[in-house]
Amino acid sequence: MNSSIEHNSLADYYFAFLKNLNSNSKLDLISKLSQSLKENDTTSKPSLQSLFGAYRSQDSAEEIIDKIRESRVFNRTVEEL
C-alpha cells in the first residue's frame, strides 16, 4: 500500500474519531501533539551501524564459540519404539 494513502487514511480515521470533542479538548490535544513533535526532534535513535562492535571481550572469537558450545545442555531423551 502506498504510504501517502495509508497516512491520509489514518489521519482521516483519527479526525473522524476526534472531531466531536469540545474546543478545550481539541486545544489540549493540539498542545500535546505539538509538544511531542518538539520532543521527537531533540531525541535521536542510535543507528544500527553505531551498534556494530559494541560487545567487547578479551577472548578471541574461537574462545567465545568454544565457551558457548561447552555451556550447551542437552536433556533430550530418545524413546525406544
> Can you tell me which residue in segment 46-60 is modelled with the highest pLDDT, limited to those that are part of a loop (DSSP other than H, G, I, E, B) and of a type in the set (Gly, Ala, Ser)?
Replying inline: SER60
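For segment 1-45, which residues satisfy the criterion of being hydroxyl-bearing (Ser, Thr, Tyr) and modelled with pLDDT of 75 or more?
Residues satisfying the conditions are SER9, TYR13, TYR14, SER23, SER25, SER31, SER34, SER36.
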> For GLU70, are the conditions met, namely being of a type outside the set (Val, Ile, Thr), modelled with pLDDT of 85 or more and either more than 30 Å from PHE15 (Cβ to Cβ) or assigned to a helix (DSSP H, G or I) (or both)?
Replying inline: yes
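The values are calculated or read from the model by the stated rules, or taken from the named source; none is laboratory data. Here the structure is a predicted model, which is why all the values come from computation and not from measurement. Every residue, glycine among them, receives a Cβ derived from its backbone with ideal geometry; neighbour counts consider all protein chains shown.
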